[in-house]
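Trainee: One structure, as structure tokens, below. Some questions next.
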Amino acid sequence: MSSQTTRAAGREDVRLSHPSPEDGPHMWRLAADTGMDVNSPYAYTLWCRDFAATSVVARDADGRMAAYVTGYVRPDSPDTYFLWQVAVDPAYQGRRLARRMLDFIGERLADRGLRYLEATVTPDNEASRALFASFARNLDADVAWSPLFGAEHFPTDGEGPHDPEDLVRIGPIGRPHDADA
């Protein structure tokens, strides 16, 4: 299992690694705590078994989960990674964890020969849109946005309709630019 330790000035160490099934319950709680669409606890645990190589967790110096990214290689597009969820514990926001996890995944995708990253984002999620734009700029990759799912694609749960989801497609991807080059 590969991992990476990064240190931000004045902040605790955060270790990035691939998840294990024991991380599933923590991911489920973090999804709920961050107000994301929450899947079943079983889904997160299964995800950590079957898609560990394409997902990442961030842990603080005490081993507490601070953030995660889940994703998979699309079966019908084996050169494309689909990023499913990004969650950052509110206590760890503002520390660039989402971007650092995306870079961690991006390096592994390039090593595996994948050429594209896709995700869906609601039209009003400016933070996620900025995250993906920054990631694409760093890779000197194209970024394209298009509508994918409208509100009609989601059941209503009594809280109103689900927002539409736009598809972001980034690529072709490769190694990030060397900041000193």
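Trainee: Would you be able to tell me the number of residues in segment 67-85 that are aromatic (F, W, Y) and open to solvent by less than 50 Å² (accessible area, probe 1.4 Å)? Please lay out each step first, then the result.
Mentor: Here is the first cut: in segment 67-85, the residues aromatic (F, W, Y) are 68, 72, 81-82, 84.
Restricting the remaining residues to those that are open to solvent by less than 50 Å² (accessible area, probe 1.4 Å) gives 68, 81-82.
Of the residues in segment 67-85, 3 are aromatic (F, W, Y) and open to solvent by less than 50 Å² (accessible area, probe 1.4 Å).
Trainee: Still on this structure: In this structure, is A133 outside any strand (DSSP E or B), at pLDDT below 95 and out of contact with any Cys (no Cβ under 7 Å at 6 or more places or on another chain)?
Mentor: Working: outside any strand (DSSP E or B): yes; at pLDDT below 95: no; out of contact with any Cys (no Cβ under 7 Å at 6 or more places or on another chain): yes.
When the stated conditions are applied, A133 does not pass them.
Trainee: Continuing with this model, one more query. Among the residues of segment 93-111, write down those that are free of Cβ contacts under 8 Å to residues at least 40 places away in the same chain, open to solvent by 20 Å² or more (accessible area, probe 1.4 Å) and touching a strand residue (DSSP E or B) at 6+ places or on another chain (Cβ under 8 Å).
Mentor: Of segment 93-111, the ones free of Cβ contacts under 8 Å to residues at least 40 places away in the same chain are 93-94, 98-99, 102, 111.
Going one step further and asking which of them are open to solvent by 20 Å² or more (accessible area, probe 1.4 Å), we end up with 93-94, 98-99, 111.
A98, the sole residue that qualifies.
Trainee: Evaluate the following for A136: is it surrounded by 13 or more Cβ atoms within 10 Å (Cβ to Cβ), among the small types (G, A, S) and more than 18 Å from T54 (Cβ to Cβ)?
Mentor: Yes.
Trainee: Which of the numbered conditions does G150 fail, given that it passes all the others? Conditions: (1) open to solvent by 50 Å² or more (accessible area, probe 1.4 Å); (2) at pLDDT below 90; (3) out of contact with any His (no Cβ under 9 Å at 6 or more places or on another chain).
Mentor: (1)
Trainee: Assess whether R29 counts as being among the basic types (K, R), under 15 Å from the mean Cα position of the chain (by Cα) and either within 26 Å of L148 (Cβ to Cβ) or open to solvent by 20 Å² or more (accessible area, probe 1.4 Å) (or both).
Mentor: Details: among the basic types (K, R): yes; under 15 Å from the mean Cα position of the chain (by Cα): no; either within 26 Å of L148 (Cβ to Cβ) or open to solvent by 20 Å² or more (accessible area, probe 1.4 Å) (or both): yes.
Answer is no for this residue.
Trainee: Hey, another quick one. Which members of segment 10-20 meet the condition of being touching a residue at least 24 places away in the same chain (Cβ under 8 Å) and open to solvent by 50 Å² or more (accessible area, probe 1.4 Å)? Lay out the reasoning, then the answer.
Mentor: The first filter runs over segment 10-20 and keeps only residues touching a residue at least 24 places away in the same chain (Cβ under 8 Å), leaving 11-20.
Passing the criteria: R11, E12, D13, R15.
Trainee: Looking at segment 24-41, I want the residues that are free of Cβ contacts under 8 Å to residues at least 12 places away in the same chain and have a partner that is open to solvent by less than 50 Å² (accessible area, probe 1.4 Å) with Cβ atoms under 7 Å, at least 6 apart or on another chain. Which pairs are those?
Mentor: Close Cβ pairs satisfying both conditions: V38/A31.
The values are calculated or read from the model by the stated rules, or taken from the named source; none is laboratory data. Predicted model, so just to flag it, every value in this text is computed and none were measured. Because the Cβ atoms are built from the backbone with ideal geometry, glycine has one as well, and the counts that use them run over all protein chains shown. Quick note on the areas: whole protein, heavy atoms, side chains included, nothing else; ligands and nucleic acids left out. Shrake-Rupley method; radii C 1.70, N 1.55, O 1.52, S 1.80 Å.
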